[in-house]
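The block underneath contains the structure these notes are about, expressed in structure tokens.
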Amino acid sequence: MPQLAALFALTALLYAAVGFGGGSTYNALLVLYGADYRILPAIALICNLIVVTGGAWRFWRGGHLRWARLWPWFALSIPAAWLGGRLVVSETLFIGLLGGALLVAGLQLAFERKAIVERGEGMAVPLSASLAIGGGIGFLSGMVGIGGGIFLAPALYLLRWGGPREIAGTASVFILVNSLAGLTGQLMKLGDIGAAGAIWDYWLLFPAVLLGGQIGSRLGAAKIPPLFVKRLTALLILYVALRLLWRWAGMLA
């Protein structure tokens, strides 16, 4: 467990430095550690909440978040994340979805460019598109135990929706609210099967991500090049994704 806690702390550090929670990689590390796949999403979502809460608050206090621009992305993502968290999936499907999500996230971080919009309002996105994108990401997030910010942020950059700070703040709050909704669904599901208590066997991971997240958020605010941290994080994600997909392929054979 101490080795796993150290890996969680490192993951939290890297993700917090670029404004994310790390839920996808927490899940993957737990799969590779051999934990019961049914409790993985709940553990990852608790870790997400620990890491992103402070960052979301700082973005809010800094004036980088405006409800009028945020709500279309959250309106369907919150109930969809809860529904995804309630859904019972097989271990094979869970590992396949998680590995695929990590592969996409890693490639996005590896090739992500700077936002084109540096300041101002950015481009307007149709309400229907915001609802559909937010709802789709929320459902996947709740099902596999991630916050979804790592998918939302590249979409907002691609749509030229806003500047870097506004997008980073929006992704942080998106992770926060979807993690809460997804965790609620996951805990209800685990309560139905009597497995919720097993989460606390992994309590050491929670202070580990708190420490790593605090260090990472401070590094992100320092003069360390964000692009360097993003590429390093991408390498970690891609390595874990390939290991998961290899295991998934073996389960299908």
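The values are calculated or read from the model by the stated rules, or taken from the named source; none is laboratory data. All values derive from a computational prediction rather than experimental measurement. Counting neighbours? That spans all protein chains shown, and the Cβs are built from the backbone with ideal geometry, glycine included.
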Q | Pick from the stretch 1-41, criterion surrounded by fewer than 20 Cβ atoms within 10 Å (Cβ to Cβ) and not in a helix (DSSP H, G or I), ranking: modelled with the lowest pLDDT | A | Met1
Q.
Looking at the stretch 73-95, can you tell me whether even one residue there is at pLDDT below 85, closer than 19 Å to Pro154 by Cβ, surrounded by 16 or more Cβ atoms within 10 Å (Cβ to Cβ) and in contact with a Leu (Cβ under 8 Å, 6 or more places away or on another chain)?
A. no
**Q.** Complete set of residues in the stretch 70-86 that are closer than 14 Å to Ser141 by Cα and without any contact (Cβ under 8 Å) to a residue 60 or more places away in the chain
**A.** none
Q.
Need pairs with beta-carbon distance below 6 Å; first residue more than 16 Å from Asn178 (Cβ to Cβ) and in contact (Cβ under 8 Å) with a residue 40 or more places away in the chain and within the stretch 43-60, second charged (D, E, K, R) and assigned to a helix (DSSP H, G or I); sequence gap 6+ or separate chains.
A. none
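Counting only residues that are assigned to a helix (DSSP H, G or I) and either among the small types (Gly, Ala, Ser) or in contact with an Asp or Glu (Cβ under 7 Å, 6 or more places away or on another chain) (or both), which one in the stretch 43-72 is modelled with the lowest pLDDT? Even if it seems obvious, please write down each step before you answer.
In the first step, residues of the stretch 43-72 are kept if they are assigned to a helix (DSSP H, G or I); the result is 43-61, 67-72.
Going one step further and asking which of them are either among the small types (Gly, Ala, Ser) or in contact with an Asp or Glu (Cβ under 7 Å, 6 or more places away or on another chain) (or both), we end up with 44, 54-56, 68.
Numbers: Ala44: 90, Gly54: 78, Gly55: 75, Ala56: 79, Ala68: 80.
Per the criteria, the residue is Gly55.
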(Q) Tell me yes or no: at least one residue of the stretch 222-229 is under 23 Å from Val144 (Cα atoms) and either modelled with pLDDT of 85 or more or not in a helix (DSSP H, G or I) (or both). (A) no
